[in-house]
Each structure stands twice: as C-alpha cells, then as structure tokens.
Amino acid sequence: MRNTWQQGLESQREEVSDERLRVEGSFPPWLHGTLIVNGPGVFEVGNRPLNHWFDALAMLRGFRIHGDTIRYTNRLVRSEDFRVASQEGRVRRPLPGTPASGSALRRLYLSLAGGFQDNPSIGVVRLDDSVYAVTESPIGIEIDPHTLRTVDRRDLTDGLDADATLGHTHVEDDVQWGLAPSFGRTSAYTLFRREPNEPPEALTRLWFGSHPPYIHAFALTERYAVVPEGSFGVDFRDLLRGVLWGRTFLDAFERREATPRFHVIDRETGVRKAAVPAEPFFVYHFANAFEIGETIAVDCVVYDDLRAITGLTVDNLRSDDPTVPRGDFVRYRLPLTGGRAERETLYTGPAEFPTINYAAVNGRKYEYAYLASIDRGSLPTAIAKVCPETTETRRWSRPGVHPGEPLFAPDPDGDAEDDGVLLSLALDSRADRSVLLCLDARTLTERARAILPHRLPAGFHGQFYDAADPQRLVQ
C-alpha cells in the first residue's frame, strides 16, 4: 500500500495572498462568506524536528467564498513562539511533545513560572466582532479575517482565576461558554460565560489534585454543561520532577487513579446536577448533547487508552505502517438520578472531528453527525454521515484523497437539518496539492472542489462565517 498520507504531515512555508482558485464543478450560489481553517504549518524549528502533531507552528488557511469565486490566502501565525523560532531558531516555550530550548535550569524556570506557549494551532473563535486564532493557552492571537495578518494579542483569561482557556468553546446568541484550567498541586477547571464586550462570569469550578484530567472540549444541552473527567491527564508532580531532563507534557500524560465521570452542571446556577461514573475513557471532541427526561444523551468520539495522545507523534503518523489510535463515535446515556453511564457505538473508527448543523441543533435532539474517518494510514480517507438514532451511515471517499474536518454550512432557504453543504479542506496526494471540497450534506455527493496552488499539512479546526450573519457554525 502506497503511503499517501506522509505528504499531509510535511511542512509548508510558502504563503499565498488573495489568489483566485480554479473551481471544478459548482459551489452553491448562496454560499457567501469566509472559511478559516487552523492547524499545523511547519514541523521544524531551525534544524530541530518537532516531535508531536500538536507541536507544529500554526498556519491559517483562509477562503473568501462567493459562489464559484473563491479567493485563497494562507499565513503562518506571527505569535511570539513563531518569532523566536524563525529569528533565533529555538523553541521558546515547552510544547506538548517537545521541550523548550536551553539549559535544564531554564526549562525548570519556565515550568515554575508557568510559561505557556502562544502558538495558536487548534482553532478560530470570534469574540466582540474580532477573530482570534487560539490554542490551550491564555493568549488569543487576533487576526484580520481577510488577510490573516496578526493584528493584536488578547489575554483570554483576563477576569478569570485561571492559567489558560480551552481552544474549544461554545457560542449561543453571541454569548461564549468556555472552560478555563488552573494547574498545580491543586488543579481546577472553571466553567464561565462571556457576554459580548463584557468580562467573563465564572459559574463554578471543578477541583482536582495535581493529576487532573486532560479536557479538550465539553458539551452543552439546553439546561446543562457536560464536562468530561476522563481517565488520563498530565501528572504535574511527575512533570516537574522530569523537566530538568527534558520531559514534556506527553511524557507525563498518564492514567489517573480517580474514577472517570461526566459532570453535569446547571448552566443557570452553576450547581452540579450529577457526576455520572463511566468506564475508562478519553474524549477530544463532542458532536452534540441533549436531554431526554432525566437522562442526557452525549455523542462524542471516545478512546479507551492514552495512545489517543501518545500515538500522535510525527514519526508514527508519517510512517508506512502507523499505529493510529482508534476513536469510535459513541452515544453515552447519563442518568441524572443515579447509576452509571451507558455507552453505545454509533460508528466504528478510527474517526474524528465530529460536526453537526451547529446553529440549528446544538444542545437539542438532532438527526445527523458528520465525521472524518480513516480506513488506512494516519489521515482521514473518507467523510461519513451518521444518523445517531438508527446508526445508518453514508460515506464519501476518493482514492488518494485525505479530507479534513467536515464543516456544515446551511442553505438559507433549506427546511431540513441536512439542507446545506459540507466544506472540507483535503489533501489530494496524487496531485500533491490541497483542494477545498464542497459536498452535498444530504447525499454526500461531491458538488465542487477548488484547487489550491500547493499542498498544505492536514489541518485541525475551522469556522465558516456567513457574510450576512457571521454566527458560529461548529463547536
């Protein structure tokens, strides 16, 4: 089997500005807005390779779409991490799998001082009419959504007793909901809400010891926030003991002794309604959650062991025979009146990046989820549409094409939940370049693709902002 995925894990330093793309097929005439996708750009600092997929220097990919007129820009984010890497050839702050450059004492100082990276490679968030590239850091990098140039920096923890905020948040009616972690001998995650142009309001804190769970995202229902307390996380005592010898977050990512649970928090009062125990699990991403009487249904991609993060080293993912962590798309049923979480598999993985018609159905009962699925290698090879109630599935795939996260854009004149299109930034390995795919969300037939002038590394998360109503369309 030919290795078609390694191309999607190689650096791209070329930057393109406002280039019109050639289109094959036809994008819908109603599709008018801006798509911004975030993710890895460069996997080296100087001559030093970065070890983990999450370590790469961030690159934004931007598409201004008006029907078949698509203009493309890409740009490496000018963070402080990028400046130090490009000008001085060193790793400024410890990354998940790569220690900071310098002496053992400098690494110890950075750990004790709480120095966080500002390399924002996870996603994009819109706050107070500005757009930010974000990661799990206190810093958001404000960008111009058209040129992708860095405009400013914002302390996203301002007003919170926290060390960082998650890269995944929720937005409803312009109100942001987020989690903000604090790390140390006693760690905590603060659930907060942020009204437009107002400081954040902390609702409650979940307390843990020095080995807290790693939480990447959470779910909302109409009344509750559902926060996963998974089986794995960074043991900060172990991390501090090993930092002199160059140990990283990845090295200290270990199984926790605490019982894994889902915390259900009342969004109005901040009171914890339930803490529902579960079998060992780890979750990056949620599709949706909703209430059924005194039970909450939670749909997410779940892993059973810590290879969910330790298996994402660059060397492993580039190899001809990678060991890819298997995430299954599952439904948990969480009883609010006592009992354990029940788990049902909806789609067998490896699969990731679950999305929905977010603006229409987030937090409510819904019909369809979309996933990037892997049949071989280390990058997605198909897009799957799953009906969680019946587990009925449709799939789209093409030889040598590795699609990314499928982002749903709704048809403004549509009535059904799946009236719209999926936008997915993909690698066409045969042509050694990337393409922007447009699939009919109902049938998964390919409507069009826009051809990029070069190949991009596989990305993480994006947002499509409609020109008339730039609301958030994915978590």
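The values are calculated or read from the model by the stated rules, or taken from the named source; none is laboratory data. Computed from a predicted model, the values in this text were never measured in an experiment. Glycine gets a Cβ as well: all are built from the backbone with ideal geometry, and neighbour counts include every protein chain shown. Heavy atoms of the whole protein, side chains included, go into the accessibility calculation; ligands, DNA and RNA do not. Shrake-Rupley method; radii C 1.70, N 1.55, O 1.52, S 1.80 Å.
Key figures for this structure:
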read-out	value
The one condition in (1) touching a residue at least 24 places away in the same chain (Cβ under 8 Å); (2) of a type outside the set (Gly, Ala, Ser); (3) surrounded by fewer than 23 Cβ atoms within 10 Å (Cβ to Cβ); (4) part of a helix (DSSP H, G or I) that Phe82 fails to fulfil	(3)
Selected residue [outside any strand (DSSP E or B) and under 30 Å from Asp129 (Cβ atoms)] from Gly377, Gly363	Gly363
Test: residue in the stretch 366-387 that is exposed (fewer than 15 other Cβ atoms within 10 Å of the Cβ) and free of Cβ contacts under 8 Å to residues at least 12 places away in the same chain	no
Test: residue in the stretch 317-327 that is of a type in the set (A, V, I, L, M) and touching a strand residue (DSSP E or B) at 6+ places or on another chain (Cβ under 6 Å)	no
Breaking point among (1) modelled with pLDDT of 95 or more; (2) open to solvent by less than 60 Å² (accessible area, probe 1.4 Å), for His211	(1)
Single residue of the stretch 338-365 satisfying the filter (open to solvent by 30 Å² or more (accessible area, probe 1.4 Å) and under 16 Å from Gly293 (Cβ atoms)) that is modelled with the lowest pLDDT	Gly338
Filter pass, Tyr72 being modelled with pLDDT under 95 and among the hydroxyl-bearing types (Ser, Thr, Tyr)	no
Scan of the stretch 55-71 for residues that are more than 15 Å from Ala409 (Cα to Cα) and part of a strand (DSSP E or B), ordered by number	Leu57, Ala58, Met59, Leu60, Arg61, Gly62, Thr69, Ile70, Arg71
Residue in the stretch 393-407 that is within 19 Å of Ser26 (Cα to Cα) and touching a residue at least 60 places away in the same chain (Cβ under 8 Å) present	yes
Matching residues, the stretch 311-337, being closer than 25 Å to Phe43 by Cβ, in a loop (DSSP other than H, G, I, E, B) and open to solvent by less than 50 Å² (accessible area, probe 1.4 Å)	Gly311, Leu312, Ser319, Pro322, Val324, Pro325, Gly327
Checklist (1) open to solvent by 10 Å² or more (accessible area, probe 1.4 Å); (2) in contact (Cβ under 8 Å) with a residue 60 or more places away in the chain; (3) in a loop (DSSP other than H, G, I, E, B) applied to Thr443, failing item	(2)
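Here is a yes/no grid of residues against (1) touching a Phe, Trp or Tyr at 6+ places or on another chain (Cβ under 7 Å); (2) among the hydroxyl-bearing types (Ser, Thr, Tyr):
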residue: Tyr132; (1), (2): no, yes
residue: Glu142; (1), (2): yes, no
residue: Leu156; (1), (2): no, no
residue: Ala164; (1), (2): yes, no
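To keep it simple, each residue is scored yes or no on (1) surrounded by fewer than 21 Cβ atoms within 10 Å (Cβ to Cβ); (2) in contact with a strand residue (DSSP E or B) (Cβ under 9 Å, 6 or more places away or on another chain); (3) modelled with pLDDT of 95 or more.
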position: Phe262; (1), (2), (3): no, yes, yes
position: Asp266; (1), (2), (3): yes, yes, yes
position: Thr269; (1), (2), (3): yes, yes, yes
position: Ala275; (1), (2), (3): yes, yes, yes
position: Tyr284; (1), (2), (3): no, yes, yes
position: Ala289; (1), (2), (3): no, yes, yes
position: Glu294; (1), (2), (3): yes, yes, yes
position: Val298; (1), (2), (3): no, yes, yes
position: Ile309; (1), (2), (3): no, yes, no
